[in-house]
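Down below is the structure, laid out as structure tokens.
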Amino acid sequence: MKISKYHYAAQFPRLPQVVQMIGDLLVRGDYVLGQHVEEFEHAFAEYVGVEQAVGLNSGTDALVLALRALGIGPGDEVITVANTFHATALAITTVGARPVLVDCTADDYLMDLDQVATAVTSRTRAIIAVHLFGKALDMTALTAVAERHGLAVVEDCAQAVGARWQGRQVGSWGDIGCFSFHPSKNLAAAGDGGAVTTDRADLSAAIRTLRGLGQAGQNDHVVLGCNSKLDAIQALVLSHKLPELEGWNAGRRAVADRYRQALTGVAQVPASAGPEHVFHLYQIGVDRRDEVLADLVGAGIDAVVRYPVPIHRQPAFAELGLAGDFPHADRQATGTLCLPVRPDLTIAETDYITDQVIAAVTGRTGASR
Ligand SMILES: *Cc1c(COP(=O)(O)O)cnc(C)c1O
């Protein structure tokens, strides 16, 4: 059996309608911002439960522009977690600030909030909270730490669109939420895309100016901005998919439940997180990780390691001197792998995957049903 991580055909329940709308757009020429982007921004803000969403061209730019809008730059420090995706730390360096890393925890590999308080210095301006793998951080505890030290909170929601903490969506807790619509994410554009969400009118206004070359009006460039807008075609695709997202995330949880039932006691599996986890990835901890991974890939399963090189070991950051003691992030890099999670995986497919994991972990072959 071949089981891929992505299956885009299943993401367009009304494909002819989207194609028709894209066709209309192509001949009309309304490509940059305009009605489709505004419609998506409104729908997305309402979905997340915030005043404003601003469409951008990637999740990476969402992080960069969030930090810029908060006035973070050279001389400032921003705390984040050592096992995040490269873009989180890159955004901090892009604005000229310094990433300060903390480890993740051993059980769910999310930012260790106890370490955040000890990482705060007189230069610390913000925390980037990363809701990794689709699971929300404890935003009650994180908000308390941030308030105690007077820090801004930026949420990296790239892997967690639709996830909630205590019933409230990620991206609505911090000063600003940053989302990616990269094709690999739970809400996928047909190319790059991103957005920020916020209740703060000053931040949304600043980011609207920044994304449009720093223009306050035509030929009136008031700040050094950049060109980072969500494309109208992408907004159309995203508006088409957004109403499906809750159902898709529920489908991901159902797959995760089947994995957990079959693999408890076989591998380190994520705890059940009720209806709030959106399982962007299903990460398991196993011994002999590389051999197990090779067996799964050999069996046609699109299993991957996220991420094999943690931030403190990446060559791009070598000159920053980020080296430190992050044993759990290292353990994630060397001892875990991710199984495909798609809402449309059938029971036969998840059974096949879990049988192959059991066979690979126990060294048994022929466990197929
Ligand atoms: C994907 C991702 C990003 C970057 O998003 P892009 O749209 O690819 O720029 C940032 N942070 C995390 C945690 C991600 O997974």
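Only one of these is under 17 Å from Val154 (Cβ atoms) and open to solvent by 30 Å² or more (accessible area, probe 1.4 Å): Val120, Val116. Name it.
That would be Val120, the only listed residue that is under 17 Å from Val154 (Cβ atoms) and open to solvent by 30 Å² or more (accessible area, probe 1.4 Å).
From (1) farther than 30 Å from Gly34 by Cα; (2) not assigned by TED's automatic domain parsing to the domain that holds Gln356, pick out the condition that doesn't hold for Leu238.
The one condition Leu238 does not meet is (1).
Out of the range 1-40, which residues are under 30 Å from Thr350 (Cβ atoms) and among the β-branched types (Val, Ile, Thr)? Steps first, please.
First, the residues of the range 1-40 that are under 30 Å from Thr350 (Cβ atoms): 1-15, 18.
Ile3, Val18 - these are the residues of the range 1-40 that are under 30 Å from Thr350 (Cβ atoms) and among the β-branched types (Val, Ile, Thr).
Can you name every residue in the range 74-96 that is open to solvent by less than 10 Å² (accessible area, probe 1.4 Å) and either away from the ligand (no atom under 11 Å from the Cβ) or among the aromatic types (Phe, Trp, Tyr) (or both)?
Selection gives Val78, Ile79, Ala82, Ile92.
How many residues does the range 132-172 contain that are within 16 Å of the ligand (Cβ to nearest atom), in contact with a helix residue (DSSP H, G or I) (Cβ under 9 Å, 6 or more places away or on another chain) and within 19 Å of Glu246 (Cβ to Cβ)?
12
Residue-wise test of (1) modelled with pLDDT under 95; (2) open to solvent by 20 Å² or more (accessible area, probe 1.4 Å).
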site: Glu155; (1), (2): no, no
site: Gly167; (1), (2): no, yes
site: Asn186; (1), (2): no, no
site: Ala190; (1), (2): no, yes
site: Ala216; (1), (2): yes, yes
site: Ala235; (1), (2): no, no
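Identify, please: which residue in the range 181-215 is in contact with a Ser or Thr (Cβ under 8 Å, 6 or more places away or on another chain), over 14 Å from Lys241 (Cβ atoms) and among the small types (Gly, Ala, Ser) and is, among those, nearest to the ligand (Cβ to nearest atom)?
Gly194
Filtering the range 123-134 down to residues that are open to solvent by 10 Å² or more (accessible area, probe 1.4 Å) and within 21 Å of Gly177 (Cβ to Cβ), which residue is nearest to the chain's Cα centre (by Cα)? So that I can check it myself, show each step before the final result.
Kept after step one, since they are open to solvent by 10 Å² or more (accessible area, probe 1.4 Å), are these residues of the range 123-134: 123-125, 133.
Still in the list and also within 21 Å of Gly177 (Cβ to Cβ): 124-125, 133.
Details: Thr124: 23, Arg125: 22, Phe133: 7 Å.
So, considering only residues that are open to solvent by 10 Å² or more (accessible area, probe 1.4 Å) and within 21 Å of Gly177 (Cβ to Cβ), the one nearest to the chain's Cα centre (by Cα) is Phe133.
Criterion first (among the acidic types (Asp, Glu) and crowded, with 20+ Cβ neighbours inside 10 Å) does Asp220 satisfy it?
On the way: among the acidic types (Asp, Glu): yes; crowded, with 20+ Cβ neighbours inside 10 Å: no.
So Asp220 fails the test.
Output the residue which, of all residues in the range 192-202 that are surrounded by fewer than 20 Cβ atoms within 10 Å (Cβ to Cβ) and under 18 Å from Val153 (Cβ atoms), is nearest to the chain's Cα centre (by Cα). Even if it seems obvious, please write down each step before you answer.
At the first step, the residues of the range 192-202 found to be surrounded by fewer than 20 Cβ atoms within 10 Å (Cβ to Cβ) are 192, 199-202.
Those still in the list that are under 18 Å from Val153 (Cβ atoms) too: 199-202.
Values: Asp199: 20, Arg200: 22, Ala201: 24, Asp202: 24 Å.
Among those that are surrounded by fewer than 20 Cβ atoms within 10 Å (Cβ to Cβ) and under 18 Å from Val153 (Cβ atoms), it is Asp199.
Within the range 57-73, work out how many residues are open to solvent by less than 20 Å² (accessible area, probe 1.4 Å), over 16 Å from Gly212 (Cβ atoms) and near the ligand (Cβ under 10 Å from one of its atoms).
2
So in the range 270-287, with the set limited to residues that are among the aliphatic types (A, V, I, L, M) and modelled with pLDDT of 95 or more, which one is nearest to the ligand (Cβ to nearest atom)? Don't jump to the end; show me each part of the working.
Filtering the range 270-287 for residues among the aliphatic types (A, V, I, L, M) gives 271, 273, 278, 281, 284, 286.
Those still in the list that are modelled with pLDDT of 95 or more too: 278, 284, 286.
On the way: Val278: 13, Ile284: 19, Val286: 22 Å.
Out of the qualifying residues, it is Val278.
Counting just the residues of the range 215-256 that are in contact (Cβ under 8 Å) with a residue 12 or more places away in the chain and more than 23 Å from the chain's Cα centre (by Cα), which one comes out nearest to Val278 (Cα to Cα)?
Among those that are in contact (Cβ under 8 Å) with a residue 12 or more places away in the chain and more than 23 Å from the chain's Cα centre (by Cα), it is Gly225.
The values are calculated or read from the model by the stated rules, or taken from the named source; none is laboratory data. Note that the structure is predicted; figures quoted are calculated from it, not measured. With ideal geometry, Cβ positions are generated from the backbone for all residues, glycine too; neighbour counts draw on all protein chains shown. All accessible areas refer to the heavy atoms of the entire protein, side chains included, with ligands and DNA or RNA removed. Shrake-Rupley method; radii C 1.70, N 1.55, O 1.52, S 1.80 Å.
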